[in-house]
Amino acid sequence: MLTKHFRGIISLLAVFLFAVGAARGAKPDEQPQSFMLKAKILTVAESNILYSTLLAATFTNNALPQIKEELLNDLMGYKGVKVLAAPMIAARVGQEAIIRVQSQIQYFDPQTNGSFALKTLPEKESPGIRLAATINPTTAGNIAVNVDLQLNTLKERMPIQGVSMDVGLPLIQKRAIKTKIEFRLDQWVLVGRYLFQDVSSGKQEYLAIFVQVTDDPPTQ
C-alpha cells in the first residue's frame with residue numbers, strides 16, 4: 001500500500017515538488033552566513049547493500065550514520081534503490097529552512113442531494129514529506145542541525161456507499177521525528193528511515209531520508 005502511493009507521489013513530482021525557505025526573526029541589517037541544505041529521499045530494498053550497511057543498523061540520534069557523497073552515490077547505483085526526490089534550498093544560520101515533497105490528493109464527498117463534490121486535501125494533510133532544519137555552526141567544519149521531520153502517507157480511503165471505485169475520503173497516517181544532530185559539512189547523514197512492505201512484491205523496503213549541508217556557493 002505504501003509503495004503504491006509513494007509511486008503515485010513521484011509521478012506528480014514535476015508538478016508538485018517544491019522547496020520553501022522560511023526565515024524567522026532576522027533583522028533587516030543582519031547578513032547571516034548561509035549554507036545549502038540538500039536532501040535525498042530514497043526507497044531501498046532489503047537486498048541492497050545500502051540496507052545492510054546503514055538502514056538495518058541500530059543507532060542513536062546523536063550518532064547517526066555519516067557517509068561521504070561519493071560512497072552514497074555509489075550505493076545508490078546498486079539494484080533495489082530508487083531516488084524519489086533530491087531537493088535543495090539555501091538556509092541561513094539560526095533560521096528555519098523548510099523542504100517539502102508533497103502531492104495533492106483529491107476525493108469525492110457525498111452531498112445530501114445525492115451528488116458528489118470533488119475536494120482536495122489541505123496541504124498539511126497531503127501525502128508527502130516536510131523537512132524543517134535550523135543550522136548553526138559549531139567547531140571548525142562541523143554544524144549542529146535541529147531537525148523536524150514529518151511524513152504523511154495514504155493508508156486507505158473511506159468507502160462510499162454504492163460506489164465501487166476507491167475515491168472516498170483519504171485516511172492519512174502521520175509520523176514525526178524531532179532531533180538535534182551534529183555532523184561535518186559535506187557529509188550525508190541519515191535522519192529518517194521507515195520500514196514498509198511493497199504491495200506488489202510482498203518484500204520489505206525502507207524509505208530513507210538523507211540530508212547534507214554544504215557551504216553556500218558565492219553569489220555571481
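The values are calculated or read from the model by the stated rules, or taken from the named source; none is laboratory data. No experiment lies behind these values; they were computed from the predicted model shown. Cβ coordinates were reconstructed from backbone atoms using ideal geometry, including for glycine residues, and neighbour counts include every protein chain displayed. Remember, those area values only see protein heavy atoms, side chains included, never the ligands or the DNA or RNA. Shrake-Rupley method; radii C 1.70, N 1.55, O 1.52, S 1.80 Å.
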Taking the residues in segment 182-201 that are open to solvent by less than 70 Å² (accessible area, probe 1.4 Å) and modelled with pLDDT under 65 as candidates, determine which candidate is nearest to Ala132 (Cα to Cα).
Asp198
In segment 69-86, what count of residues is obtained for those that are open to solvent by 70 Å² or more (accessible area, probe 1.4 Å) and among the hydrophobic types (A, V, I, L, M, F, W, C)?
2
Quick one: Asp166 ticks every box in (1) among the acidic types (Asp, Glu); (2) over 24 Å from Ala86 (Cα atoms); (3) part of a strand (DSSP E or B) except a single one, so which number is it?
(3)
Contacts under 7 angstrom Cβ, first residue in segment 119-137 being farther than 18 Å from Ala39 by Cα, partner open to solvent by 60 Å² or more (accessible area, probe 1.4 Å), 6 or more apart:
Lys119/Gln106; Thr120/Gln104; Thr120/Gln106; Ser126/Gln104
When you scan segment 147-197, how many residues do you find that are touching a residue at least 60 places away in the same chain (Cβ under 8 Å) and of a type in the set (S, T, N, Q)?
4
For segment 168-181, give me the residue count where each residue is open to solvent by less than 50 Å² (accessible area, probe 1.4 Å) and not β-branched (Val, Ile, Thr).
2
Out of segment 156-185, which residues are touching a Leu at 6+ places or on another chain (Cβ under 6 Å) and aliphatic (A, V, I, L, M)?
Met158, Ile177, Ile181
